[in-house]
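Each remark here refers to the structure printed beneath this line.
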Amino acid sequence: MMGEPSILLVEDEAIIALDLRRKLQSAGYRVIGTAATGEDAAALAERGHPDVVLMDNHLAGPIDGIKAALRIRAHSDVPIIFMTGYLQDDAFRERVRPVRPVACLDKPIVLEELLKAIAAACRL
Amino acid sequence: MAPKTSIKRISTAPAGGTASPRKKTTRKTAPPTNPGRRSAVSAQKRAEKGWRGSEKAFQNAFEKSVIGKSLTRPDGSVRVNKAMADMLGYSIKALEGRNWRDITHPDDIDTTQKNVDALLSGKAESVRFTKRFIHKDGHAVWVDLGSTLRRDENGRPLYLITDLIDISERKHAEEILRASEATFAALFQANASALALTGIEDGRILDVNENWLALMGFRREEVLGKTAAEYGGWKNSAAREDMRRKLAATGSVRNHEAVCVRKGGEEITILFSAQIVEIEGERILLSSAVDITERKRAEAALAAERNILRTLIDYLPDNVFIKDPQGLIILNNLTHRRFLGRQGLDDVVGKSDRDFFEPALADRYMEDERRIVESGRPLIDYEEPTVDREGRLHWYLTTKVPVRDSRGKITALVGINHDITERKQVEQALKENEERLRDILFSTADWVWEVDENGVYTYSSQKGFDLFGSPPESVIGKTPFDFMPPDEARRIAAIFAEIAAHKAPIKDLENWNITKTGEKICILTNGVPILDGQGNLKGYRGVDKDITEHKKAEEQIRRSLQEKEILLREIYHRTKNNMNVISAMLSLRGESCGDEATTRTLRDIEDRIKAMALVHQKLYESPDLSRIDMRDYLIDLTSLLMKTSRPPDGLFRLECEAEPLRVPVDMAIPLGMIVTELFSNVFKHALPENGEVGVRLHLVQSGTGEIELTLSDDGIGVPPGFDFRASQTLGLQTVFMLVEHQLQGRVDFQSGRGVTCRIRIPAPDLPVEART
């Protein structure tokens, strides 16, 4: 891995995305882009080749986080970390399995946990 | 066979035993005993003397005698007197010189010749015998004759002197008698009755016929010459003597019933008749016996049967009566008399219905009976009203039948009344019930039905026809599955089979059906099994309710609720997101403001907003959207606080012990904020010099439902005399306000080694009024 690890941040809430981006940057990561929709996320992942994708499941538009992740997974093995309020939901866990996420974090996101998960993903 | 020789001549003897002038008993060889004969013999002797003494006198006596006389010469030629010539229808001259053989019956010539020879040969001085001459007109004339031989001085035969008496009439009478005797003997033997001849004086049996022997079981030789006492024929000797006395008094006994004992001891009842008859001058008892044992037995059986029948009829619960064709009672049973209010038969016999019933009823009954007599047709099982002595209405099932004599004439009516009042009352009640039920069934909106054990409809109320077709056969004979779409029919058939296998009731079984108009309707079926006496399932009966509208409304409500739930979840989700956005904005501001105090304040606010956001997250994850599990929430909240707000220089050991407890949102948010404030205080003030604090959170619900939340730490505590309530810190004021103002609870701080805060709030399940 060359230089700072690059992260694609997928989050439909702009303020949260902004807060997260600043925190990640403060922690030394390079955020190659933020996407609010699944389509944008897939396009950015294909174009930017991030080292890690940070994916919120709830997105704007018709495509949710899992579908967006599956599109990314179709041509990339990039580690994907999910952020969701539905971690205990069986339907969610079932649906997310084909994506093979490296981690699923419960919302609200605790920065320490997030950084630990990203660090682990970067070591893969 | 009875010896025929014992029966000679029989004539019936008049009472007292005096016989009519007796006819002579004659033997062919017996000497003549009648006066006529005696006079004829003496005349012959006189003639002989006269012959010797006076031929003239002899000749005169010969010719004038009124008795037939003849002189027969050895050559057979005869001289006869007038009496003899008259006897044979000839003149004297016509017979003079004729040979005796010419006028003798051919059958008697030999006998006559033998007698003549006996005289001529000297073997007999005189002969006497009967023989037949031939009358001039050809018929035989029986004569009784006696002859002697007249000889000359040298002993040579001169002629035979013969006296002849016409016995033709007597012979004729004897012929008739012989025929009569033969007839009697034949009748005696062949008689269908058992007959016996008994000596009247000694009572000994002279003869019995075969039927008598068969009746009494004896052999002939066992009884001949014996008395009844000796062979033991009569059971009762007194009865026998009684019968004999009656016989002696009247000469006969007719149909006297007696008990006899057969050989072997079997008793039989006979009808005994006897009459004294005279046979050969002897008075003999002719008795006949007819075995009536069977008849007596049959009579006894009949009498017993009659008695049983009478008793039975008397004690039948039904009225039984017999009336004459005019409607007058001949006989009735006890039940009928009791009904009429009479005791004895005498109180009712000869009376009519008019004596017992009010005129209208009596006329009705008598009119019925008059019609039966007129038409000859019975009235069978017809219902009629009647009124008893207390004036109560009864209903009878009545049968009246005409009774006819042997010529077919109606002589009586037999009537039977069977009281059916109770049945009529039950029928009436049943009818009313049926009408009520029919009206209910007709007017009810529900469908009442019955199916047999194969699920085939056997009954349907009007509603069934309204739904599935007007002619009854549109429903009756079909099964419920015929009205269902195929998939539904399969589903319901499987359920019904399971229910029927257990003979269980059908409870609230919803099923979809297609009506006659093609409309899809939902029916709620309830039913109970119909079992026979052995507990076998014979079918089901129940009620179907059309719940289509209800189902539609229910579906609408369900959808509406689902929408509401989705909306609510969305709102919780958005609220949580918004709070997280606010939290992120505070975080951004805090990081960029450059002022430590402001940053800390913003982080405090961020923590409280996260505490609230977490409640909303738990809410939209919660199944009922109105309550959350406090245990779950507190674990997540304290975990979050420990991660985000903990001072970096301290070591906090958290021990969280909470009961699963579902509380409403308006309680969860204040509790979350209280915990956040208390944790904030611990993080800020409890840390000792060694930098290690144990924090214990405990949540429990008491038996009364009160929720107790305790947060304790083993930190440095507060200075002695510290008044928590008077403290001006925002955090503590917030805690007091939230507990006491918002949750109507109590808060209690204790300090020692560290601080313990105990909060008690009323049970969340209590109504709001009870909590305020």
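Of all residues in region B:260-272, those satisfying the criterion of being without any contact (Cβ under 8 Å) to a residue 40 or more places away in the chain and open to solvent by less than 40 Å² (accessible area, probe 1.4 Å) are B:Val261, B:Thr269, B:Leu271, B:Phe272.
Let's see how each residue does on (1) closer than 18 Å to B:Ile276 by Cα; (2) at pLDDT below 90; (3) out of contact with any helix residue (DSSP H, G or I) (no Cβ under 7 Å at 6 or more places or on another chain):
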{"position": "B:Gly199", "(1), (2), (3)": "yes, yes, yes"}
{"position": "B:Gly203", "(1), (2), (3)": "yes, yes, no"}
{"position": "B:Val208", "(1), (2), (3)": "yes, no, no"}
{"position": "B:Thr227", "(1), (2), (3)": "yes, yes, yes"}
{"position": "B:Glu230", "(1), (2), (3)": "no, yes, yes"}
{"position": "B:Ser237", "(1), (2), (3)": "no, yes, no"}
{"position": "B:Glu241", "(1), (2), (3)": "yes, yes, yes"}
{"position": "B:Arg244", "(1), (2), (3)": "yes, yes, yes"}
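To keep it simple, each residue is scored yes or no on (1) over 30 Å from B:Glu519 (Cβ atoms); (2) assigned by TED's automatic domain parsing to the domain that holds B:Ile521; (3) not in a helix (DSSP H, G or I).
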{"residue": "B:Ala360", "(1), (2), (3)": "yes, no, no"}
{"residue": "B:Glu367", "(1), (2), (3)": "yes, no, no"}
{"residue": "B:Val373", "(1), (2), (3)": "yes, no, no"}
{"residue": "B:Tyr382", "(1), (2), (3)": "yes, no, yes"}
{"residue": "B:Pro385", "(1), (2), (3)": "yes, no, yes"}
{"residue": "B:Thr411", "(1), (2), (3)": "yes, no, yes"}
{"residue": "B:Glu432", "(1), (2), (3)": "yes, no, no"}
{"residue": "B:Lys463", "(1), (2), (3)": "no, yes, no"}
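Yes or no, residue by residue, for (1) of a type in the set (A, V, I, L, M); (2) surrounded by 14 or more Cβ atoms within 10 Å (Cβ to Cβ):
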| position | (1), (2) |
| --- | --- |
| B:Arg407 | no, no |
| B:Asn417 | no, yes |
| B:Lys424 | no, yes |
| B:Ile440 | yes, no |
| B:Leu467 | yes, yes |
| B:Ser470 | no, no |
| B:Ala494 | yes, no |
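The one condition from (1) closer than 24 Å to A:Met83 by Cα; (2) in the same structural domain as B:Lys463 (by TED's automatic domain parsing) that B:Met579 does not meet is (2).
Matching residues to (1) loosely packed, with under 13 Cβ neighbours inside 10 Å; (2) part of a loop (DSSP other than H, G, I, E, B); (3) in contact (Cβ under 8 Å) with a residue 40 or more places away in the chain:
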{"residue": "B:Gly721", "(1), (2), (3)": "yes, yes, no"}
{"residue": "B:Phe736", "(1), (2), (3)": "no, no, no"}
{"residue": "B:Gln744", "(1), (2), (3)": "no, yes, no"}
{"residue": "B:Cys757", "(1), (2), (3)": "no, no, yes"}
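Residues that are within 14 Å of chain B (Cβ to nearest Cβ), open to solvent by less than 10 Å² (accessible area, probe 1.4 Å) and assigned to a helix (DSSP H, G or I) within region A:20-64 comprise just one, A:Leu24. Are any of the residues in region B:540-552 of a type in the set (A, V, I, L, M, F, W, C), assigned to a helix (DSSP H, G or I) and away from chain A (no Cβ under 14 Å)? Checked region B:540-552: no residue is of a type in the set (A, V, I, L, M, F, W, C), assigned to a helix (DSSP H, G or I) and away from chain A (no Cβ under 14 Å).
Here is a yes/no grid of residues against (1) open to solvent by less than 50 Å² (accessible area, probe 1.4 Å); (2) hydrophobic (A, V, I, L, M, F, W, C); (3) in a loop (DSSP other than H, G, I, E, B):
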position	(1), (2), (3)
B:Ala249	no, yes, no
B:Ala258	yes, yes, no
B:Glu278	yes, no, no
B:Thr311	no, no, no
B:Gln326	no, no, yes
B:Ile330	no, yes, no
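Taking region B:475-499 as the range and being within 17 Å of B:Asp544 (Cα to Cα) and of a type in the set (Gly, Ala, Ser) as the test, the residues that pass are B:Ala489, B:Ala493.
Which number in (1) at positive phi; (2) surrounded by 15 or more Cβ atoms within 10 Å (Cβ to Cβ) marks the one condition that B:Asp508 misses? Checking B:Asp508 against (1) at positive phi; (2) surrounded by 15 or more Cβ atoms within 10 Å (Cβ to Cβ), the one that fails is (2).
Among the conditions (1) away from chain A (no Cβ under 12 Å); (2) in contact (Cβ under 8 Å) with a residue 12 or more places away in the chain; (3) closer than 20 Å to B:Thr676 by Cα, the only one that B:Leu625 does not satisfy is (3). For region A:77-124, a residue qualifies if it is surrounded by fewer than 16 Cβ atoms within 10 Å (Cβ to Cβ) and either in a loop (DSSP other than H, G, I, E, B) or touching a Ser or Thr at 6+ places or on another chain (Cβ under 7 Å) (or both), and the qualifying residues are A:Asp77, A:Gln88, A:Asp89, A:Arg100, A:Leu124. Residue count for region B:334-362 satisfying the condition of being open to solvent by 50 Å² or more (accessible area, probe 1.4 Å) and touching a Lys or Arg at 6+ places or on another chain (Cβ under 8 Å): 3. Annotation: of all residues in region B:537-563 being surrounded by 12 or more Cβ atoms within 10 Å (Cβ to Cβ) and among the basic types (Lys, Arg), the one that is farthest from the chain's Cα centre (by Cα) is B:Lys551. All of B:Phe321, B:Phe272 fail the test of being in contact with a strand residue (DSSP E or B) (Cβ under 8 Å, 6 or more places away or on another chain) and either β-branched (Val, Ile, Thr) or modelled with pLDDT of 90 or more (or both), apart from B:Phe321.
Of everything in region A:65-114 that's more than 19 Å from B:Ser587 (Cβ to Cβ) and small (Gly, Ala, Ser), which residue is nearest to the other protein chains (Cβ to nearest Cβ)? It comes out as A:Ala91. A residue that is open to solvent by less than 70 Å² (accessible area, probe 1.4 Å) and more than 17 Å from B:Arg262 (Cα to Cα) can be found somewhere in region B:213-228. Taking the criterion of being in a strand (DSSP E or B) and loosely packed, with under 15 Cβ neighbours inside 10 Å, the only residue of region B:58-112 that qualifies is B:Asn99. Cβ-Cβ distances below 8 Å connect the following pairs, each with a first residue in region A:29-51 that is under 20 Å from A:Lys116 (Cα atoms), a second residue that is of a type in the set (S, T, N, Q) and open to solvent by 60 Å² or more (accessible area, probe 1.4 Å), and a separation of six or more residues or different chains: A:Val31/A:Gln25. A single member of B:Ile605, B:Ile582, B:Ile609 is more than 10 Å from chain A (Cβ to nearest Cβ), part of a helix (DSSP H, G or I), open to solvent by 10 Å² or more (accessible area, probe 1.4 Å) and not hydroxyl-bearing (Ser, Thr, Tyr), and it is B:Ile605.
Inspection of region B:23-39 finds no residue satisfying the criterion of being assigned to a loop (DSSP other than H, G, I, E, B), at pLDDT 50 or above and not basic (Lys, Arg). Here B:Leu619 does not fit the description of being part of a helix (DSSP H, G or I), open to solvent by less than 20 Å² (accessible area, probe 1.4 Å) and within 10 Å of chain A (Cβ to nearest Cβ).
The values are calculated or read from the model by the stated rules, or taken from the named source; none is laboratory data. Everything quoted here is computed from the prediction, not taken from an experiment. Neighbour counts are summed over all protein chains in view; Cβ atoms, including those assigned to glycine, are modelled from backbone coordinates with ideal geometry. Protein only, heavy atoms only, side chains kept; ligands, DNA and RNA dropped before computing areas. Shrake-Rupley method; radii C 1.70, N 1.55, O 1.52, S 1.80 Å.
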